[in-house]
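In what follows, a single structure is set out as structure tokens and then discussed.
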Amino acid sequence: MKTILVGLLALFTLNSFAHEGGHGEVSEGGKFGGITSPIVLNSDAGKGDQAKVLFKAELVRAESGKLSLYIFDNEMMLLPLDKFGNEVTAKLEVKKKGKFTYFGEFKLTKHGNHFMGQLPKVEYKPFNIDIYLSEQKQKLFVGFSNLD
């Protein structure tokens, strides 16, 4: 009985530390060795699985800290970036003393078929990267949580 209670407590504790509102999930793996996440309207960012997935994104991180962001349609076909803005804003949150706090922001710019930028040096782990981009007149959001 104690084992069951401890297991349930652990399960609920893990859920309470999830990144704000969640961002939903993408079942496909990345095509470039990164992690994938859904792209939703910025206004739907806190809705988790209830948000309509407009596109999918893959974030690839090199050991040097160089980040590449690829944009796909819902069938995981790589999209050209001509309908997207020239740069995206990435906001970084780090986990300090059990709580995620804002660390700063940086930019990723178009580089061929993807966006590229340099991840600032992160001393605390795990961390989250929230990316804000625009597609024509829509403000979009994609979040990558619990990175290390």
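Check off (1) part of a helix (DSSP H, G or I); (2) farther than 17 Å from Asn146 by Cα for Glu75 and give me the number that stays unchecked.
(1)
Any chance region 111-127 includes a residue that's within 18 Å of Ser145 (Cα to Cα), without any contact (Cβ under 8 Å) to a residue 24 or more places away in the chain and small (Gly, Ala, Ser)?
No, because not a single residue in region 111-127 is within 18 Å of Ser145 (Cα to Cα), without any contact (Cβ under 8 Å) to a residue 24 or more places away in the chain and small (Gly, Ala, Ser).
Considering only residues that are surrounded by fewer than 16 Cβ atoms within 10 Å (Cβ to Cβ) and under 20 Å from Ser37 (Cα atoms), which ones fall in region 80-105?
Listed by number, the residues that qualify are Pro80, Lys83, Glu87, Thr89, Lys91, Glu105.
Hey, Phe100 hits all of (1) closer than 23 Å to Asp44 by Cα; (2) modelled with pLDDT of 95 or more; (3) not β-branched (Val, Ile, Thr) but one; which does it fall short on?
Result: Phe100 fails condition (2) only.
For region 107-117, enumerate the residues that are surrounded by fewer than 18 Cβ atoms within 10 Å (Cβ to Cβ) and touching a Ser or Thr at 6+ places or on another chain (Cβ under 8 Å).
Answer for region 107-117, where residues must be surrounded by fewer than 18 Cβ atoms within 10 Å (Cβ to Cβ) and touching a Ser or Thr at 6+ places or on another chain (Cβ under 8 Å): Lys107, His111, Met116.
Going through Tyr124, Tyr70 one at a time, which residue ends up being aromatic (Phe, Trp, Tyr) and assigned to a loop (DSSP other than H, G, I, E, B)?
Selected residue: Tyr124, the only one of Tyr124, Tyr70 that is aromatic (Phe, Trp, Tyr) and assigned to a loop (DSSP other than H, G, I, E, B).
Given the conditions (1) assigned to a loop (DSSP other than H, G, I, E, B); (2) at pLDDT 95 or above; (3) of a type outside the set (Phe, Trp, Tyr), report the number of the one that Ile39 does not fulfil.
(1)
Show the residue pairs meeting these rules: Cβ distance below 6 Å; 6+ apart or different chains; first residue within region 41-53 and within 12 Å of Val142 (Cα to Cα); second residue in a loop (DSSP other than H, G, I, E, B) and of a type in the set (A, V, I, L, M).
Between residues of region 41-53 that are within 12 Å of Val142 (Cα to Cα) and residues that are in a loop (DSSP other than H, G, I, E, B) and of a type in the set (A, V, I, L, M), the close pairs are Asp44/Ala51.
The values are calculated or read from the model by the stated rules, or taken from the named source; none is laboratory data. Quantities reported herein were computed from a predicted structural model and do not represent experimental measurements. Neighbour counts run over all protein chains shown; Cβ positions are idealised from the backbone, glycine included.
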